[in-house]
Amino acid sequence: MLVLAMAVSVAEGATLGALSWLLEPLFDRVFASKSTEALIWVGGGILGLFLFRGLTSIIGRHLLARLNQETAADMQAALLGHLLTLDGGFFQTHPPGSLIDRVQGDTVAAQSGMQLVVVGLARDLVSLIGLFVVAISIDPMWTLAALVGAPLLLLPALGLQRYIRRKTLQMRAESGLRATRLDEIFHGIAQVKLNRMESYQASRFRQILNRIIRAEVKSATGRAAMPALVDVVTGAGFFAVLMLGGAQVVAGSRTTGEFMAFFTAMALTFQPIRRLSDLAGQWQISRASLERIYGFFDQHAAALRPAQSRALPSAVPPAISFQDVSFGYDDATPVLRGLNFTAEAGQVTALVGASGAGKSTVFHLLTGLAEPQSGQILIGGAATEAMTLADQRRSFAAVSQEAALFDETLRENLILGRDGIPQERLEAALADARVDEFLARLPLGLDTPAGPRGSALSGGQRQRVAIARALLADAPVLLLDEATSALDAASESAVTEALARAQEGRTTLVIAHRLATVRDAHRIVVMDQGQAVEIGTHDELMEKDGLYAKLHALQFRN
Ligand code: ADP
C-alpha cells in the first residue's frame, strides 16, 4: 500500500512539471503566433492535467489515511502485546498514565509523521525533479543563478533538526506526565475531594501544561525556521534570475515564453521546497516518538523462567512451601528474610502479623509477580523456578481486598474471555458465591455493567463476583487477601459462606488482619519482619503466649 501511495503521489507531483512545461507553447505558439489550434490543445492539456491531479490527489489521500490507521493500529497492538509480557518491576517504575500515553500518543505521532515523510518525499521530490528538468532544458545558467543561495541552508538545517528532536522528546515526556496525573486524579477522585486537593491538583496540572506549551512552541518555531530560511534563499534566487534572464529578454536574445515558463517552473518549486524543508522537522518529531516506542520494545522481562515447564505440581490440590525464601523490592531493604512455612494440601493456612510484615509480598512471590532472591517456593513439590509463569499462575485464583472488576458487564467480568464455560457451571458458581442473591434484583442481570473498577456494585457484591470468578477459574489454590475486611455484618456472612464453599477441595492461603476470622484455620503462620516466627493452630499459639497471643490481646482488649 505504501508503494502504491508513493506511486500515486509521484504521479501527482509530476503534473507540476508538465504544467510549467505547457506555458512555453502557450506564450510562444498561442500568443506569439496567434494560433487557435494550438490554443485548444494547450488549453485541453492544462484542463486534463488538473483533472489528473485531482484524481491522483484523492486516491493518494485515501491510501494514506488507510495506511496511517492500519500502521497505528498495528503498532499499538504490538506495543501492548509486548508490554503485557513485561514483569512487575517494569510496571512499578512506569505509571499507567505514561504507558497509556505511549501506546496512544507516541504510536500516532510516530506513524503519521513517517507516512507524511515517505509520501511527501515522493511527491515533492518528483515535483522538484520535473520542474528542474524543465528549468535546465530552458537555460542551465538561469537554473544555476536561481540556486545561488542554496548552500547557505545546509548548516543551520542540521542544527535545527537536533533542536526540534530535543524539544519534541521533552514534550512527549511531559505529555506522559500529564496522562499520569490525570489517571491518578480520576482514580483517586474521592481522595482528591475529601482532602480538598482540587485547586492543588489543578495547579500542578497547569504547571505540566505550561511546560508542554513551552516545549511545543519551541519545537514549532524550530520547524518554522526551515521554511523561513527557504524563503530568504528563494528570494535571492528570484532576484538573480530576474537580473540575468530579464536582461536577456529585454535585449531580445530570449523569448518571453521561455522566460515565463522558466519563471513559472521556479515559482512552482517554491511550495515543494518549503514542504520538504518542513518534512525534515516532521521526521525529527516522528523519530522522537519512535525512540520512545523502541525503548519499550527493547525491554524484556528477565528470562528467569524456562520456555517449557520442567516440573508441574504433582498433586491437586497442592501443598505449598516456602524454603528459606529471601526477597526485597530493592537491594537495600530485605522484606522476606529466610521465610519458611508449609501450607498443607487442601487446608486453610492463615498469614497474620503486623502491617508491613511481608504478608502481601508472600502472595506476590507465589503468583510470580516477583521472584525470590534466594530460596525456593514449591507448589505441589515442583519448584516455581522450573515452571513457566503461565503454569505457575494456573494454580491460583485470588480474591483480594479491593476486588478489581473491569468496566464491562458482570458476565464478561466472570468469564474473562474463557469461552465455552457451560451454563450449569456458571450458575453453580453464581450460587456458591452467593452472587445469585443480588443478581436477581438487577434488572439487566448478568448483563449489568460493573462500572469503572466495579463501582456500580457494593464492596460485598464486588467480592462475591470476585469469588465466583475464582470458582470459575477452577484453580486448586485460593489466595484470599483480607477478603472480608471491608464488609458490613450482613454482607460478611454472605461472603464468608461463599468462601467456605470455595475452600472445599482447595488449598487456601488467607491474609487476615482480624484474628477473629482465622480462628478456624488449620494452621496459622505468624510473620514478623519477613520471617515466620510462630506456626500452629489458634489454641497452640494462644498457649505459647508469644507474638500471636500478644496480637490477639491487642485486638480483643475491649
Ligand atoms: P503486609 O502485607 O504484611 O502488610 P507487605 O508485604 O505489603 O506487608 O510489605 C512488606 C514491606 O515491603 C513493607 O515494608 C513495604 O513497605 C514493602 N513493600 C511492599 N510492596 C512494595 C513495593 N511494591 N515496592 C517497594 N516496597 C514494597
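Confirm whether Trp21 is more than 30 Å from Gln115 (Cβ to Cβ) and either within 16 Å of the ligand (Cβ to nearest atom) or surrounded by 13 or more Cβ atoms within 10 Å (Cβ to Cβ) (or both). In short, no.
Tallying residues that are assigned to a helix (DSSP H, G or I) and touching a residue at least 24 places away in the same chain (Cβ under 8 Å) within region 281-315 yields 15.
The criterion of at least 2 residues that are more than 23 Å from Arg418 (Cβ to Cβ) and aliphatic (A, V, I, L, M) is met, among helices (runs of 4 or more DSSP H) falling completely within region 441-558, by 489-503, 538-544, 547-555.
Exactly one of (1) within 16 Å of the ligand (Cβ to nearest atom); (2) β-branched (Val, Ile, Thr); (3) open to solvent by less than 20 Å² (accessible area, probe 1.4 Å) is unmet by Val533. Its number? Here Val533 clears every test but (3).
Do we have Ile293 as touching a Gly at 6+ places or on another chain (Cβ under 7 Å), in the same structural domain as Asp87 (by TED's automatic domain parsing) and either within 16 Å of the ligand (Cβ to nearest atom) or closer than 30 Å to Gly81 by Cβ (or both) here? So that I can check it myself, show each step before the final result.
Working: touching a Gly at 6+ places or on another chain (Cβ under 7 Å): no; in the same structural domain as Asp87 (by TED's automatic domain parsing): yes; either within 16 Å of the ligand (Cβ to nearest atom) or closer than 30 Å to Gly81 by Cβ (or both): yes.
Here the answer is no, as Ile293 does not meet what is asked.
Residue pairs whose Cβ atoms lie under 8 Å apart, sitting 6 or more positions apart in sequence or on different chains, and linking a residue in region 210-225 that is farther than 29 Å from Leu152 by Cα to a partner that is of a type in the set (S, T, N, Q) and open to solvent by 60 Å² or more (accessible area, probe 1.4 Å), are Arg211/Gln170. Of all residue pairs spaced 6 or more apart or on separate chains, those with beta-carbon atoms under 8 Å, a first member in region 316-329 that is closer than 26 Å to Gln92 by Cβ and a second member that is surrounded by 22 or more Cβ atoms within 10 Å (Cβ to Cβ) and among the polar types (S, T, N, Q) are Ile320/Thr507.
Scanning region 333-348 for residues that are of a type in the set (Val, Ile, Thr) and within 15 Å of the ligand (Cβ to nearest atom), we see that the one that is least open to solvent (accessible area, probe 1.4 Å) is Val335.
Would you confirm, using the coordinates I've provided, whether Gln323 is away from the ligand (no atom under 14 Å from the Cβ), open to solvent by 70 Å² or more (accessible area, probe 1.4 Å) and in contact with a Gly (Cβ under 7 Å, 6 or more places away or on another chain)? When the stated conditions are applied, Gln323 passes them.
Would a scan of region 366-374 turn up a residue that is of a type in the set (A, V, I, L, M), touching a residue at least 12 places away in the same chain (Cβ under 8 Å) and surrounded by fewer than 21 Cβ atoms within 10 Å (Cβ to Cβ)? Yes: region 366-374 contains one or more residues that are of a type in the set (A, V, I, L, M), touching a residue at least 12 places away in the same chain (Cβ under 8 Å) and surrounded by fewer than 21 Cβ atoms within 10 Å (Cβ to Cβ).
Among the residues of region 508-530, those that are within 13 Å of the ligand (Cβ to nearest atom), touching a strand residue (DSSP E or B) at 6+ places or on another chain (Cβ under 8 Å) and open to solvent by 30 Å² or more (accessible area, probe 1.4 Å) comprise His513, Gln529.
The values are calculated or read from the model by the stated rules, or taken from the named source; none is laboratory data. Quick caveat: nothing in here was measured; it's all calculated off a predicted structure. Here Cβ is always computed from backbone atoms with ideal geometry, including for glycine, and neighbour counts include all displayed protein chains. The accessibility values were calculated without ligands, DNA or RNA, using every heavy atom of the protein model including side chains. Shrake-Rupley method; radii C 1.70, N 1.55, O 1.52, S 1.80 Å.
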